[in-house]
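A short worksheet on the structure shown next.
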Amino acid sequence: MSPNNSNQSALPKYRTIIIAVALIVGIPLGIQACNQASTRDEGRRVIQIRQPSENISGQEVAVLTQAPNVPPPITRNHPTRVIVNLDVVEKTVRLADSVEYAAWTFGGSVPGNFIRVREGDLVELHMKNEASSTMPHNIDLHGVTGPGGGAKISLTLPGHESVFTFSAMNPGLFVYHCAMSPVPMHIANGMYGMILVEPKEGLPKVDKEFYVMQSEFYTKGKYGAHGLQTLDMDKGVDERPTYVVFNGGVGAVTGDGALKAKVGDRIRMFVGNAGPNLTSSFHVIGQIFENVYGEGGSTNAEHNVQTTLIPSGGSAVVEFGATVPGDFILVDHAIFRAFNKGTLGILTVTGPENKKIIESIQSGVAAPPAK
């Protein structure tokens with residue numbers, strides 16, 4: 001047999017081997033590509049044209065709370081009509097030690113009341129503007145579908161009340177604020193809060209829930225200047241806050257206002273950022289967030305997160321376990337804000353130590369041990 005005939009007879013064998021190798025390598029790669037495509041499709045999701053619930057059963061009056069407290073979880077398994085009574089109060093509030101601020105508020109506090117409803121609920125919101133108010137006000141809830149998030153139909157003059165309804169169709173944690181012109185002035189003066197729309201299936205059970213909201217104050221006086229302070233619009237326009245704080249004031253989440261938990265508690269924080277200008281780099285020193293629901297969404301959690309960004313007008317839900325006792329410091333990790341402008345709080349955890357998690361071996365300040 002000639003060499004050419006020998007080579008030709010071997011070709012089919014090589015082709016068979018090549019095809020087999022291609023199948024062995026190609027099939028898993030094809031499956032992987034299909035899985036990746038499926039994952040991408042799941043991530044995109046089909047855009048829903050949401051519709052209000054058809055079967056609204058009964059009604060109840062919403063429990064509203066002031067920070068850092070959160071209303072109790074919703075236990076019913078059906079949508080209902082929820083009546084929310086929200087009063088607008090212009091009042092003087094504490095901003096720092098010996099510093100007061102002429103604030104405009106929802107519910108008499110900065111931040112405003114925390115509202116908790118269930119996906120599918122029909123919310124009937126009553127907004128009263130006290131007769132002593134100097135300004136008309138309204139409300140824009142980021143969880144509302146409709147022009148202005150409700151602002152267009154909630155304009156309320158001093159001494160009057162507006163009432164409107166909306167369907168809570170999207171689950172998540174949402175900011176609300178006044179959107180009366182000039183909008184920056186109303187937000188900077190304290191008119192903001194949070195509304196949680198629980199998903200139909202509810203949230204996983206935890207032991208402690210807290211409401212924390214970051215915001216800025218632009219005062220005519222310098223940081224720490226005593227007395228009653230008012231808004232400096234020029235500082236606001238230039239984005240030069242005098243104060244950046246949690247829950248309306250320097251030290252509001254420290255001392256008697258510190259958050260409290262026990263070793264073994266599962267903790268959930270509903271964290272908002274009212275702005276009106278800055279992005280928050282929210283961090284709890286000495287803790288790692290097990291779950292972070294970014295942008296206040298109800299799904300797609302990130303895990304084992306050190307610091308999470310919260311945009312102005314945005315929110316995040318962070319969850320973690322308390323494993324050791326101590327004081328854990330809440331900060332905006334744009335760190336000058338924490339130690340020089342006020343974004344600093346305390347979570348105090350009590351209970352037994354666990355030296356397997358953390359233990360001091362030798363102090364760097366005490367006298368060295370004798371040799």
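The values are calculated or read from the model by the stated rules, or taken from the named source; none is laboratory data. If you're wondering where the values come from, they're calculated on a predicted model, not measured in any experiment. Cβ: placed from backbone, ideal geometry, glycine included. Neighbour counts: every protein chain shown. For the accessible areas, the whole protein counts, side chains as well, though only heavy atoms, and no ligand, DNA or RNA atoms are used. Shrake-Rupley method; radii C 1.70, N 1.55, O 1.52, S 1.80 Å.
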Spatially proximal lysines relative to Lys91 (Cα-Cα < 27 Å; intrachain offsets below 8 disregarded): Lys128, Lys152, Lys220, Lys222, Lys235, Lys341
Label of the coordinate-derived value, Rg/Rh (Cα atoms, Kirkwood Rh), listed as (1) 0.97; (2) 0.94; (3) 1.17: (3)
Accessible surface of segment 144-277 [probe 1.4 Å, protein heavy atoms]: carbon and sulfur percent: 55
Helix-derived mean residue ellipticity, 222 nm - over the chain, DSSP H n ≥ 4, -39500 (n - 2.57), to 500: -5000 deg cm²/dmol
Relative packing of 203-210, 81-88, which averages over residues the other C-beta atoms within 10 Å, highest first: 81-88, 203-210
Over 16 Å [Cα-Cα, segment 51-128], rounded percent: 58
Relative contact order for the chain, counting Cα pairs under 8 Å that sit 6 or more residues apart, in percent: 13
Heavy-atom accessible area per residue - segment 52-188, 1.4 Å, Å²: 42
Net charge of Cβ neighbours under 11 Å - reference Pro199; Lys, Arg +1; Asp, Glu -1: -1
Label-point separation, Glu302 to Asn340 (7 Å along Cα→Cβ), nm: 2.6
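Which order do the peptides 149-159, 175-185 take when ranked by the mean count of other beta-carbon atoms within 10 Å per residue, highest first?
Going from most to least packed, we get 175-185, 149-159.
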Centre separation in Å (Cα based) which lies between segment 137-199 and segment 62-86: 16
Cross-link partners of Lys200 among aspartates and glutamates (Cα-Cα below 14 Å; sequence separation of 8 or more within a chain): Glu119, Asp121
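Mind checking the per residue accessible area of segment 247-329 for me, 1.4 Å probe, whole number of Å²?
On the way: 3300 Å² over 83 residues.
It amounts to 40 Å² per residue over segment 247-329.
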Computed log₁₀ I(q)/I(0) - Debye formula, equal Cα scatterers, no solvent, segment 213-371, q 0.15 Å⁻¹: -0.85
Net charge contributed by nearby residues that have their C-beta within less than 13 Å of His303 (K/R +1, D/E -1): -3
Ranked by how many other beta carbons lie within 10 Å on average, peptides 336-344, 296-304 from highest: 336-344, 296-304
Radius ratio Rg over Rh of segment 321-371, counting only Cα atoms, Kirkwood formula for Rh: 1.14
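Given a Förster distance of 45 angstrom, what is the FRET efficiency for Ala131 paired with Glu359, based on the Cβ-Cβ distance and rounded to 0.05?
Result of the calculation: an efficiency of 0.15.
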